[in-house]
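In what follows, a structure is listed as structure tokens, so that the remarks can point back to it.
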Amino acid sequence: MGHVYSIGIITLFFVFAAGACAGSFINAAAMRTVAEKKWWGNERSACDSCGKTLSAADLVPVVSYLALKGKCRYCKHPIKPRHFAAELISGAFTAALFWRWGFGPAFGMSLLVLWFSLFNSLTDIENGFIYDVWAISLGAAGLAARIAGGWPALLDGVLGGALGFGFIAVIILVSRGGMGWGDALLMLGIGGALGWKYCAFGLYAGFLFGGLVVVPLMLAKKLKRKDAIPLGPFLAAGSVVTLFVGNALILRYGALIGSRLGWPWG
Ligand SMILES: [Zn+2]
């Protein structure tokens, strides 16, 4: 991972900017999906509060939010920080994944996981819903990309999707509540892209993150057992973290499952 100097700060900056633009688009698409609007139309982006059409200067990812100090230029109403967060998260992780993998198939597969997971997390946070079609699309795109890695890579993706879906499905059937079929389909999609070994670590990390947040809230009595918490973002976060630490963990602890990772992870 010491090739940051050979990649260069300027390249990383452009990758960050591209990732932030993608985040801006993904956030807009997710909010339009939740609002049951078309992604593409004549409709221009407008302020949620005063309805004024926003100019290009108001729509520069990350930068506009900071320059406007988080308020609409026209009515001074606060802009939802989620727009900024989606742009920043996408930009930062896109750059970090490029730094991690360099340009190639692993970077491309990582971006599929990052961007689709971000979309599914945003709809899950907004209205508690993971849209079947956008969860399954990740798996379909992941398997299509895996064709480039040959039959073993494709089989790995099929096993990953089956593991992700099956694991959550068992929890749903045993616990009757807490997790939904949207979560199972999300892990079907993520597993299809990650392959089964990364998917196993992604599940582990996802439940770990979820537990780290949910258990303290329950202990503080801020949360009752029946409260619906979106779990998709935790599963997504666990999977994205696996893109960074999966190889090291599997080399260290993978004795049981074998330390060969397979295409595209190495
Ligand atoms: Zn406004």
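Brief remarks follow.
- Take every Cα pair under 8 Å whose residues are at least 6 apart in sequence, average their separation, divide by the length of the chain, and the relative contact order is 18 percent.
- On a per residue basis, the convex hull of the C-alpha atoms belonging to the chain measures out at 156 Å³.
- Among the trypsin sites (Lys or Arg not before Pro) within segment 108-210, those in coil by DSSP and having at most 15 neighbouring Cβ atoms inside 10 Å are ARG176.
- Highest-first arrangement of 79-85, 234-240, 168-174, 217-223, where packing means the average Cβ count within 10 Å: 234-240, 79-85, 168-174, 217-223
- Sorting 101-109, 113-121, 17-25, 184-192 by their mean Cβ neighbour count within 10 Å, with the most densely packed peptide first, gives 184-192, 113-121, 17-25, 101-109.
- Couplings 3J(HN,Hα) for segment 106-115, derived from phi with the Karplus relation 6.51 cos²θ - 1.76 cosθ + 1.60 (θ = phi - 60°), are 5, 5, x, 5, 4, 5, 4, 5, 4, 6 Hz, where x marks Gly and Pro.
- Coupling constants for segment 13-23 follow from the phi torsions by the Karplus curve (6.51 cos²θ - 1.76 cosθ + 1.60, θ = phi - 60°), and in residue order they are 4, 5, 5, 4, 4, 5, x, 5, 4, 4, x Hz; glycine and proline get x.
- Taken over the chain, lysine pairs spaced eight or more positions apart, or on distinct chains, with alpha carbons under 23 Å apart number 10.
- Calculated diffusion of segment 143-266, Stokes-Einstein form, Kirkwood radius summed over Cα pairs, 20 °C and 1.002 mPa s, µm²/s: 143
- With the gyration tensor restricted to C-alpha atoms of segment 1-104, the semi-axes of the equivalent ellipsoid amount to 30, 16, 10 Å, longest first.
- Under a 5 Å amide H cut-off, with hydrogens placed 1.01 Å from N, ALA46 pairs with LEU54 among residues at least 5 apart or on other chains.
- Size of charge dipole - the chain - debye, nearest 20, with Cβ of Lys, Arg +1 and Asp, Glu -1, no other charges: 640
- Summarising the amide proton neighbourhood of LYS71: residues at separation of 5 or more, or on other chains, whose placed amide H is nearer than 5 Å comprise ILE79.
- For the chain, the 222 nm mean residue ellipticity estimated from helices alone, with every DSSP H stretch of n ≥ 4 adding -39500 (n - 2.57) and the total spread over all residues, rounds to -23000 deg cm²/dmol.
- Helix 232-253 axis, angle to the chain major axis (alpha carbon atoms, nearest 10°): 40
- Segment 153-212: C-alpha gyration tensor shape, a/c 1.5 cut-off, then a/b vs b/c: oblate
Read-outs throughout are calculated quantities, based only on the coordinates presented, and are distinct from any laboratory measurement. These figures come from a predicted structure and were not determined experimentally. Positions of Cβ are generated from backbone atoms using ideal geometry, with glycine treated the same way; all protein chains shown enter the neighbour counts.
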